[in-house]
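Beneath this line is the structure, given in structure tokens, with notes to follow.
All of the numbers you see were taken from the coordinates with simple rules; none came from a lab. Note that the structure is a prediction, hence the values are computed from the model and not measured. Counting neighbours? That spans all protein chains shown, and the Cβs are built from the backbone with ideal geometry, glycine included.
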Amino acid sequence: MRTSRSRRSCLAVPGSSLKMLEKARGLPADQVFLDLEDAVAPLAKPEARKNIVAALNEGDWGGKTRVVRVNDLTTEWTLRDVLEVVEGAGANLDCVMLPKVQSAEHITWLDHTLTQLERTLGLEPGRIGIEAQIENARGLVNVDTIAAASPRLETVIFGPADFMASINMPSLAVGALHPDYPGDPYHYILMRILMAARTYDLQAIDGPFLQVRDVDAFRAVARRSAALGFDGKWVLHPGQIDAANEIYSPSQVDYDHAELILDAYGHSTSDAGGRVGAVMLGDEMIDEASRKMALVVAARGRAAGLVRTTTFTPPG
Ligand code: GLV
Ligand code: MG
């Protein structure tokens, strides 16, 4: 994996709002993405580019991952967005997010453009990463080649609102289950994105939930993608941040259990433990596959700053 950045909560901040740019700085989101795309009206985009450059250069973002979402390649804005943001604040930018990616060529274009800029500006080559939003059928059909298109890629992101519109899904409740469909209408899309992301060691990120005052409904949607293995979700409102940080981290109980499995299996396979490859931990049979599962949960718990509350005692 290119980086091990935490992205449990990815906060959308319209680049046209000075107030929100200022407020975002102090919020406990793992990532902020300063938006030049759909949250910014066409006439406000030139001003938003300037606001974003200033916001990136001005302040302490408290270790958050700093991302700018540019406009997609079917618009006339993408090149200017990338030029102005990287020229103005390239050293203070972690990733560029490209929306509505439809093919690997879109990513290749951004990769080359970033390389040109880094060379011209004397920035570290290849440092600025790319985040790819999958928001239509063509993007999903091509997601494997998109995910493989550049070593700069860090995430593949589901964009449910644009996606629903693009496939003519007859609903306006983004991310919510549909009363007429006896399953999760997003399951296939989420899994497709997750498989592509994992194949190329990228993070898989779930998109926005628009009913920002209904945190319980946000939790329900977030839990579904977290259960599949997604790394985080967009948040549109400060009230969604704590919920995302909690849901995309393991619970204390699961974290403790994962660390216990690692210790117990490490012991049982050692000389001191008798070099045993399948062993009982309480009522549970653990083996090498259990170790791999436990590693995933333990790594996420450690990244989230959880501290163990139990210790392993080797059997007497
Ligand atoms: C996000 O960009 C979405 O379209 O859901
Ligand atoms: Mg979108």
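A few points about this structure:
- Highest-fluctuation residue, K50, K100, K64 considered, GNM on the chain with Cα pairs under 10 Å: K50
- Paramagnetic label reach from A161 (point 7 Å along Cα→Cβ; backbone nitrogen cut-off under 16 Å): within the stretch 186-229, residues 206-214, 218.
- Per principal axis, descending, Cα span of the stretch 16-124 in whole Å: 36, 32, 23
- Highest mean packing comes first when the peptides 108-114, 147-153 are listed by Cβ atoms within 10 Å, giving 147-153, 108-114.
- With each label modelled as a point 7 angstrom along the Cα→C-beta vector, the S103-D271 pair spans 6.0 nm.
- Fully extending the segment from L295 to K50, taken as 0.36 nm per residue of separation minus the present Cα-Cα distance, adds 83.9 nm.
- Within the stretch 38-88, the ratio Rg/Rh, alpha carbon atoms throughout and Rh by Kirkwood, equals 0.97.
- Contour excess over end-to-end distance, with Cα ends at Q116 and N92 and 0.36 nm allotted per residue: 6.9 nm
- Between Q211, Q31, Q240, the residue with the greatest mean-square fluctuation in the GNM of the chain (Cα pairs under 10 Å linked by springs) is Q211.
- Sequence-separation-based contact order of the chain, relative, with Cα cut under 8 Å and 6+ spacing, percent: 14
- Mean-position separation - Cα centroids, the stretch 20-90 and the stretch 249-316, in angstrom: 42
- Neighbour-count ranking [beta-carbon atoms within 10 angstrom, fewest first] of D180, D94: D180, D94
- The L172 and F312 beta-carbon pair, evaluated with R₀ = 45 Å, returns a calculated FRET efficiency of approximately 0.30.
- Taking other Cβ atoms within 10 Å as a rough exposure proxy, F163, F312, F218 sort from fewest to most as F312, F163, F218.
- Taking each residue as 0.36 nm, the span from A220 to Y188 lengthens on full extension beyond its C-alpha to C-alpha distance by 9.8 nm.
- Most mobile of I146, I167, I247 in a GNM of the chain (Cα contacts under 10 Å): I167
- Cα centroid separation - the stretch 129-154 against the stretch 179-207, whole Å: 13
- Pairwise label distance in nanometres, A41 with E284, each label 7 Å out on the Cα-Cβ vector: 5.5
- Cα pair distances exceeding 26 angstrom across the chain, given as percent: 50
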